[in-house]
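Working notes for the structure below.
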Amino acid sequence: MIDINRTTKVLAIIHYGRSGSLLVQSLFDSHPAVLMTPGTLLSYFFDFWELNKNRPLEELIETFVERYSGFFGNYDDPVLEREGLTRLGEERAEHIAADPKIFSSAMVDLLAYRVGVSRHDFFCAIHIAYVEATGRRVDEPSPWIVYHVHSPNPERIARLLEDFPEVLLLQTVRNPAIATASSFRFMTSLDRWSVGLGAEVLYYGLSGGTIFNAKLEGRWKALRLEDLQKFPRQYLEAVCEWMGLAWSDTLLESSFDGRAWWSGVSSPLVRGFNNVTTTQNYSEFLSNFDEFRLRVVLDHLYRTWEYSERSRQRLLLRFAILPFLLLPTRMEWVSYRKTASFSLRHVWRLRRAYIRGRKAFFLAWRLAGQNRENVVPLLRPLTESSDKN
């Protein structure tokens with residue numbers, strides 16, 4: 001069994017809007033030097049630890065298995081269906097399924113003789129034991145852990161840094177306006193309607209994409225979904241080069257627990273690399289004028305991620321657009337109409353939602369006027385493209 005003391009390397013995957021973070025994670029699933037749990041089930045691990053860290057070891061393991069029962073055959077967890085983890089395999093009839101007894105036994109073997117179980121040790125043990133419980137073979141004595149943090153939560157990432165000071169962050173990105181509209185569509189697919197839904201999604205789209213921890217400068221890269229879909233090997237080779245991870249052809253296969261993955265339920269039914277995902281425009285939630293406003297306000301992201309070039313009219317557009325930021329976006333209008341009510345409570349909530357959307361726009365507008373050196377830089381491809389050979 002792999003030694004916990006040799007599991008020191010972590011690649012954390014995070015997203016900007018809806019930008020293919022699950023796809024990227026799925027590509028590492030069968031790599032012989034990678035430990036990983038499927039999907040975003042483990043993304044709230046640090047919260048679990050804070051609540052349960054004082055339990056005796058066996059009780060702690062038992063609590064983990066109960067809390068994360070989705071790993072072990074309980075398919076009532078909505079995350080599993082949402083992320084397509086219950087329709088795996090060529091026939092889309094398989095699901096993730098680790099053996100809870102093997103997992104628990106491996107956890108005890110890994111941790112029982114350690115003097116005090118740290119958060120770092122428990123986190124590493126989870127990944128080692130999960131591989132044992134699924135029967136997957138990892139040959140590398142000092143493997144990488146690929147951890148789907150999911151959202152770029154500062155507190156979560158700070159805790160990860162405490163345990164793994166050399167952690168690398170790979171952030172999947174996409175055309176910012178499209179990524180934001182895709183996030184809105186995802187939330188509507190969950191039927192989580194509220195009058196402020198559009199404003200909430202807009203806020204996250206306008207406030208993301210920057211490095212908020214100086215310790216991560218040089219170790220935080222952005223990977224464009226459009227590039228990955230078009231030239232997968234070229235960009236995955238670049239990821240491996242950056243990580244110092246040996247290439248494996250398994251990186252070109254999308255799977256979880258060794259079973260083919262067919263995307264989440266709110267996305268088109270596709271497997272692996274395709275041109276379906278990146279050609280969607282979400283016009284029912286994003287007007288051309290909305291996209292124009294987002295392009296102007298998020299100019300720092302568009303230019304750094306090479307979705308647009310620097311324009312001589314940039315400053316003029318920035319000031320010309322200012323009064324039009326008072327207008328709600330189509331996402332906001334859809335939220336208003338979907339939850340329409342004539343009650344005073346609804347009117348008050350509508351007012352708050354409108355104000356939040358405008359604050360998000362004006363804050364992003366103000367910051368766009370500064371030199372944003374802290375935008376997450378793009379991961380550059382290797383000079384020779386294997387995709388073109």
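For region 279-332, residues that are part of a helix (DSSP H, G or I) and either in contact (Cβ under 8 Å) with a residue 40 or more places away in the chain or crowded, with 18+ Cβ neighbours inside 10 Å (or both) total 18. Contact map, region 333-357: first residue part of a helix (DSSP H, G or I), second residue at pLDDT below 95 and among the aromatic types (Phe, Trp, Tyr), Cβ cut-off under 6 Å, separation 6 or more or different chains; pairs are 338/193. The set of residues in region 358-388 being at pLDDT below 75 and not in a loop (DSSP other than H, G, I, E, B) consists of 368, 386, 387, 388. For region 238-278, the set of residues classified as of a type outside the set (A, V, I, L, M), closer than 25 Å to residue 190 by Cβ and assigned to a loop (DSSP other than H, G, I, E, B) consists of 254, 257, 261, 262, 263, 264, 266, 267, 268, 271, 272, 274, listed by residue number. Screening region 21-64 for residues that are of a type in the set (Gly, Ala, Ser) and surrounded by fewer than 24 Cβ atoms within 10 Å (Cβ to Cβ) and picking the one that is nearest to residue 138 (Cα to Cα) gives 33.
Take the conditions (1) without any contact (Cβ under 8 Å) to a residue 40 or more places away in the chain; (2) closer than 26 Å to residue 216 by Cα; (3) not basic (Lys, Arg); residue 135 misses just one of them, which is (2). The set of residues in region 229-250 that are farther than 16 Å from residue 148 by Cβ and hydrophobic (A, V, I, L, M, F, W, C) comprises 231, 236, 238, 240, 242, 245, 246, 247.
Can you tell me which residue in region 136-155 is modelled with the lowest pLDDT, limited to those that are outside any strand (DSSP E or B) and in contact with a Lys or Arg (Cβ under 8 Å, 6 or more places away or on another chain)?
141
In summary, residue 301 fulfils each of the numbered conditions (1) under 21 Å from residue 16 (Cα atoms); (2) modelled with pLDDT of 95 or more; (3) among the aliphatic types (A, V, I, L, M) with the single exception of condition (2).
Residue 84 passes every criterion in (1) buried (at least 19 other Cβ atoms within 10 Å of the Cβ); (2) on the phi < 0 side of the Ramachandran plot apart from (2).
Scan region 95-116 and give yes if some residue there is in contact with a Pro (Cβ under 8 Å, 6 or more places away or on another chain) and free of Cβ contacts under 8 Å to residues at least 60 places away in the same chain, otherwise no.
Residues of region 95-116 in contact with a Pro (Cβ under 8 Å, 6 or more places away or on another chain): 96.
Pick out the ones that are also free of Cβ contacts under 8 Å to residues at least 60 places away in the same chain and you get none.
Within region 95-116, none of the residues are in contact with a Pro (Cβ under 8 Å, 6 or more places away or on another chain) and free of Cβ contacts under 8 Å to residues at least 60 places away in the same chain.
If you filter region 178-188 down to residues that are under 17 Å from the mean Cα position of the chain (by Cα) and over 25 Å from residue 160 (Cβ atoms), you find that the one that is surrounded by the fewest Cβ atoms within 10 Å (Cβ to Cβ) is 185. For residue 195, the conditions (1) part of a loop (DSSP other than H, G, I, E, B); (2) in contact (Cβ under 8 Å) with a residue 40 or more places away in the chain; (3) under 30 Å from residue 134 (Cα atoms) all hold with the exception of (3). In the set (1) in contact with an Asp or Glu (Cβ under 7 Å, 6 or more places away or on another chain); (2) free of Cβ contacts under 8 Å to residues at least 60 places away in the same chain, residue 40 fails one condition alone, (2).
Table: residues versus (1) at pLDDT 95 or above; (2) buried (at least 18 other Cβ atoms within 10 Å of the Cβ); (3) in contact with a Pro (Cβ under 7 Å, 6 or more places away or on another chain); (4) among the acidic types (Asp, Glu).
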{"position": "190", "(1), (2), (3), (4)": "no, no, no, no"}
{"position": "202", "(1), (2), (3), (4)": "yes, yes, no, no"}
{"position": "217", "(1), (2), (3), (4)": "no, no, no, yes"}
{"position": "222", "(1), (2), (3), (4)": "yes, yes, yes, no"}
{"position": "233", "(1), (2), (3), (4)": "yes, yes, no, no"}
{"position": "236", "(1), (2), (3), (4)": "yes, yes, no, no"}
{"position": "247", "(1), (2), (3), (4)": "yes, no, no, no"}
{"position": "254", "(1), (2), (3), (4)": "yes, yes, no, no"}
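Might you let me know whether region 217-236 holds any residue that is among the basic types (Lys, Arg), part of a helix (DSSP H, G or I) and farther than 30 Å from residue 138 by Cα? Outline the logic, then answer.
Looking only at region 217-236, we keep the residues that are among the basic types (Lys, Arg), and these are 219, 221, 224, 230, 233.
Next, from what is left, pick out any that are part of a helix (DSSP H, G or I): 230, 233.
Narrowing further to those that are farther than 30 Å from residue 138 by Cα: none.
No, there is no match, as no residue in region 217-236 is among the basic types (Lys, Arg), part of a helix (DSSP H, G or I) and farther than 30 Å from residue 138 by Cα.
The values are calculated or read from the model by the stated rules, or taken from the named source; none is laboratory data. Predicted model, so just to flag it, every value in this text is computed and none were measured. In this analysis, Cβ positions are derived from the backbone assuming ideal geometry, glycine residues included, and neighbour counts consider all displayed protein chains.
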